[in-house]
Structure formats: C-alpha cells, structure tokens
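The values are calculated or read from the model by the stated rules, or taken from the named source; none is laboratory data. Just so it is clear, the model here is predicted, and its values are computed rather than measured. Don't worry about glycine lacking a Cβ; one is built from the backbone with ideal geometry, like all the others, and counts go over all protein chains shown. Just the protein is used for accessible areas: all its heavy atoms, side chains included, with ligands, DNA and RNA removed. Shrake-Rupley method; radii C 1.70, N 1.55, O 1.52, S 1.80 Å.
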Amino acid sequence: MRTDLPALIIIDMQKAMANPAAGERNNPQAGSRIADLLAAWRAVDAPVVHVRHMSRTPGSLFWPGQPGAEFQDALLPLALEHVVEKNVPDAFIHSGLERWLRVRGITRIVMAGVSTNNSVEGSARSAGNLGFDTTVVADACFAFACTDYAGQARSAADVHAMALANLDGEYATISDSAGVLRALAGTA
C-alpha cells in the first residue's frame, strides 16, 4: 500500500442506502463515480478505507446481521482494505480511524459516500479539525430530501449543496470525481 498517496474513504455505501424506502435522493450516478474512484485507488495501490454504519437501534436497516447493513456488492472491500465500523455519523468517533491513518503517516484523505449532510459532513468536519488535508468528492456523494427546522421541504439536491457549502474551505476542499482522478494520476 502506497501511503504517500491520499486514502480513499468510502462512507456507508451499504445495501440499505440503495433501498427506495430511504427516500428521494440526488446524484443517481454517485455509486458509479465511487466505483471509478475505487478502481483508480486499487490500480495504484493507494490506501482504501470502507466505513460501515452499524446501528444501535433494534429494527434499523443498519442493525448488525440485517441485509441492509452489508456493503453494496459493487463496492465490496478487498481482503487488504481497511474496514471501519461506526455507530454514529462521524467515522472518526470511537472507530480507530484516526489512529489507523496516523500510524501509516497518511495526511491526505478523499471522501465519498452517503449521506452528504450526515455521515460525510460529520466525518469531513472531524477530518479537517484533526488536521487532515481533506477532499470531498461532490459527484460521488448523495443526500436525501428532508424538511428543515423551519418546516420547509428541501430537495435532495438542496440538502447536498448546503452540506458541501458547509464544508468548503473550512473543513475540506470540494472537488468532482474527474478532478480527483486527474490529481491521483498526476501523483501516482
């Protein structure tokens, strides 16, 4: 594994996220973009971390042992790729992720996954606060429609865009998959 390259951190790409019951989402191509990133990282032997949410709420689609908690088939981790299990949105809380990165001298990370305004945003905020050079890949993330605190219905695209705006420049750099793949090719 080439620790001189950034680590790709794929967040919560589990079967439950592909369930239509999860609601209206944006970026229908996000899974394909993540698969492109994963293939590129594997091709240059760069570090890959797969993050899986394991709920503490009985009956949750992410409850251990439920089909929804399993990784999506197209994004299954390889034996040598690191897997992190988390119980809260932030992948750095009580998971050992920070230690795994620091022991290997990895200071740059690229994040993709779901959902932009929850686990991706929470994890990217922590990564930035911990001093990691963090990039979030906008077209390799997605969000779900929701109602804001004032009772206003927000589309998945709006939720996604606001989450990226919350991160941009303060905690992370926002890029697209084409830009990230060009940068990886330039350093590999």
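The figures follow:
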quantity: Search result, residues across the stretch 140-166 that are part of a strand (DSSP E or B) and surrounded by 11 or more Cβ atoms within 10 Å (Cβ to Cβ); calculated: Ala140, Cys141, Phe142, Phe144, Cys146, Arg154
quantity: Residues that are farther than 18 Å from Ile11 by Cα, polar (S, T, N, Q) and touching a residue at least 12 places away in the same chain (Cβ under 8 Å), drawn from the stretch 130-165; calculated: Ser155
quantity: Test: residue in the stretch 174-188 that is out of contact with any strand residue (DSSP E or B) (no Cβ under 8 Å at 6 or more places or on another chain) and among the β-branched types (Val, Ile, Thr); calculated: yes
quantity: Any hit, the stretch 80-90, residues being open to solvent by 40 Å² or more (accessible area, probe 1.4 Å), within 19 Å of Arg25 (Cβ to Cβ) and touching a strand residue (DSSP E or B) at 6+ places or on another chain (Cβ under 9 Å); calculated: yes
quantity: Single match in Ser115, Ser60 (criterion: under 15 Å from Ala22 (Cα atoms), open to solvent by less than 50 Å² (accessible area, probe 1.4 Å) and free of Cβ contacts under 8 Å to residues at least 12 places away in the same chain); calculated: Ser60
quantity: Single residue of Ala124, Ala46 found to be touching a Lys or Arg at 6+ places or on another chain (Cβ under 6 Å), among the aliphatic types (A, V, I, L, M) and surrounded by 15 or more Cβ atoms within 10 Å (Cβ to Cβ); calculated: Ala46
